[in-house]
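*Asks:* Pasting a structure here, questions to come.
Laboratory data are not the source of any read-out in this text; all were calculated from the coordinates shown. Keep in mind that what you see is a predicted model, and the values were worked out from it rather than measured. Backbone-built Cβ (ideal geometry, glycine too); neighbour counts: all protein chains shown.
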Amino acid sequence: MLRPSFIAHSLLPLLFASLVALPTFASSAAAAPQGAPHAAPPPASNPLLPATFAGWQIAGTPQESTSPSVADNSAAAALREYGFVRYEAARYTRDQDSLTVRAMEFGDATGAYGTFTLYRRPNMVPEPIGEGAAFDGSRVLFWNGTVLVDAKFSRITPMSVAELRDLVTQLPQPTGNQDIKPSLPGYLPSEHLKPMTVQYAIGPAAYQMQGGILPSLLVDFGRSAEVVTAQYNSLDGTGSLTVINYPTSDIAIDREHAMQRFFRSHGSARNPWTQALADSNPAAIQSRRSGPLVAVTSGGFSAGAAQQLLQRVHYEVDLTMAHRARYVPDTAKVAQIIIGVAILVGIFAVIAIVAAVSLGGGRVLWRRMRAKQGFPSDGSEEFIRLNLKE
């Protein structure tokens with residue numbers, strides 16, 4: 001039979017240690033959220049453009065708006081497709097010089113990059129500013145994160161590029177999956193590519209403004225299509241490559257079959273050929289599918305050059321897992337940790353009880369087995385008695 005004193009002596013130390021740890025864990029839980037990431041609600045929206053940078057000082061009150069029509073009325077529909085969020089325009093001065101800056105913010109990097117390709121022109125010169133920039137004499141267009149900036153100097157100096165790099169560091173920075181850039185432009189073959197002609201669209205309005213090669217109805221943006229178009233120079237002529245990405249391979253198969261029928265029929269009254277297709281060499285108009293990608297060539301390519309270009313478009317699986325972190329209040333975090341500590345104490349208590357029962361029961365079972373073998377059951381055999389007499 002288990003002795004109560006033995007069980008008490010076995011349980012008390014473990015229970016005491018668990019209970020002593022509880023206040024320590026609780027106090028740590030109360031203090032931890034203060035320095036943890038995402039411990040406070042998201043801050044209020046900050047100004048899009050800084051008051052000063054690289055010696056430039058803002059003059060007057062900036063123009064701010066959340067309407068794409070204010071930012072660019074002629075491209076309002078395209079800006080909505082790209083996820084337009086807000087617009088800000090400001091005039092800066094330094095000594096006798098002036099600088100006009102127009103900035104647009106989008107929901108993610110995809111929108112900023114797409115709008116950059118919408119406004120960029122093939123004759124512009126690339127510049128190392130932000131994620132990408134283009135320069136045409138006095139105007140610099142660049143994008144970084146979720147922001148697109150159009151800057152126009154009254155006088156360009158050798159330090160103008162460095163000054164805009166300083167502006168980049170003061171623009172709002174993307175968080176979480178906002179910084180995920182579109183992967184579709186990466187499928188364009190690099191050989192003979194004219195980089196400044198790359199255009200990216202996720203809706204019919206932007207695609208038409210970019211002079212899309214295919215009719216928008218044929219592309220079918222209603223199926224979440226995204227399109228990248230670029231110009232290529234080769235020994236066998238100059239032409240365009242259009243790569244369309246669909247959510248699934250089944251949709252891509254359906255669209256490729258529709259395109260082949262469209263090319264054979266030379267369009268229809270409802271879905272006529274675009275001028276770019278009509279002006280193309282018939283041998284250059286070819287298509288090929290790779291996974292969910294459909295590639296189409298057009299322009300002045302020879303049949304062989306078009307086929308070689310299409311063969312270099314290969315789909316590669318690229319899995320990306322992204323999710324927005326959900327804000328958890330400090331009180332909820334403390335409650336979760338206290339509950340976890342209480343569960344831990346309960347586990348320790350169960351372990352202590354099981355250990356006590358196992359040890360006590362084992363001792364009783366050992367004594368009974370010894371008694372069956374003829375040894376005393378009171379434990380007296382454990383002592384050596386000399387019984388010395390004088």
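*Asks:* Starting at the first residue of the range 342-350, write each ³J(HN,Hα) from the Karplus equation 6.51 cos²θ - 1.76 cosθ + 1.60 with θ = phi - 60°, in whole Hz, x for Gly and Pro.
*Replies:* 4, 5, 4, 4, x, 5, 4, 5, 5
*Asks:* Where a ≥ b ≥ c are the square roots of the eigenvalues of the C-alpha gyration tensor, would you call the range 184-311 rounded, which needs a/c under 1.5, or, failing that, prolate if a/b is larger than b/c, or oblate?
*Replies:* rounded
*Asks:* Compute the distance in nm between two label points, each set 7 Å from the Cα along the Cα-to-Cβ direction, one at Arg288 and one at Glu191.
*Replies:* Each label point lies 7 Å from its Cα, and together they span 1.1 nm.
*Asks:* How much net charge surrounds Leu188 when only other residues with a Cβ under 12 Å from its Cβ are counted (Lys, Arg +1; Asp, Glu -1)?
*Replies:* Values: positive: Lys194, Arg312; negative: Glu191.
Local charge sum for Leu188: +1.
*Asks:* Quick one: which residues, 5 or more positions from Gly145 or on another chain, have an amide H under 5 Å from its amide H? H modelled 1.01 Å from N in the peptide plane, none for Pro or chain starts.
*Replies:* The list, which skips near neighbours in sequence, is Glu131.
*Asks:* What percent do you get for the relative contact order of the range 184-311 when only Cα pairs under 8 Å and 6+ apart count?
*Replies:* Computed over the range 184-311, the figure is 24 percent.
*Asks:* Among residues other than Thr100 whose Cβ falls under 10 Å from its Cβ, what is the net charge (Lys/Arg +1, Asp/Glu -1)? Display every interim value, and only then the final one.
*Replies:* Working: positive: Arg91, Arg102, Arg139, Lys152; negative: Asp150.
Around Thr100, the charge tally is +3.
*Asks:* May I ask you to compute the full-extension gain from Ser224 to Ala59, defined as 0.36 nm times their residue separation minus their alpha-carbon distance, rounded to one decimal in nm?
*Replies:* Values: separation 165, 0.36 × 165 = 59.40 nm, distance 4.27 nm.
My answer for the length gained is 55.1 nm.
*Asks:* In nanometres, what is the gap between the two model label sites at Ser302 and Asn233, each 7 Å from Cα along Cα-to-Cβ?
*Replies:* 1.9
*Asks:* Over the range 52-179, what relative contact order in percent results from Cα pairs under 8 Å that are six or more residues apart?
*Replies:* Values: 247 pairs, mean separation 27.9, N = 128.
Worked out over the range 52-179, it gives 22 percent.
*Asks:* Quick one: what are the phi-derived ³J(HN,Hα) couplings along the range 53-61, Karplus 6.51/-1.76/1.60 with θ = phi - 60°, whole Hz, x for glycine and proline?
*Replies:* Result, rounded to whole Hz: 7, 6, x, 7, 10, 5, 10, x, 9.
*Asks:* What is the sum of charges around Pro204, taking Lys and Arg as +1, Asp and Glu as -1, for the other residues whose C-beta is under 11 Å from the C-beta of Pro204?
*Replies:* Working: positive: none; negative: Glu81, Asp220.
Here the charged neighbours net out to -2.
*Asks:* What nm distance separates the two modelled labels at Leu217 and His314, each placed 7 Å from Cα along Cα→Cβ?
*Replies:* Between Leu217 and His314, the simple spin-label model gives 3.8 nm.
*Asks:* For each of Lys372, Lys333, Lys194, count neighbouring Cβ atoms within 10 Å of the residue's Cβ, then give the residues from fewest to most. Please report the intermediate quantities before stating the final value.
*Replies:* Values: Lys372 9, Lys333 16, Lys194 12.
With the sparsest Cβ surroundings first, the list reads Lys372, Lys194, Lys333.
*Asks:* Next up: Scan around Gly299 for amide H atoms under 5 Å from its own, H built in the peptide plane at 1.01 Å from N, and keep only partners 5 or more places away or cross-chain.
*Replies:* Residues meeting the amide H criterion: Ser240, Ser280, Asn281.
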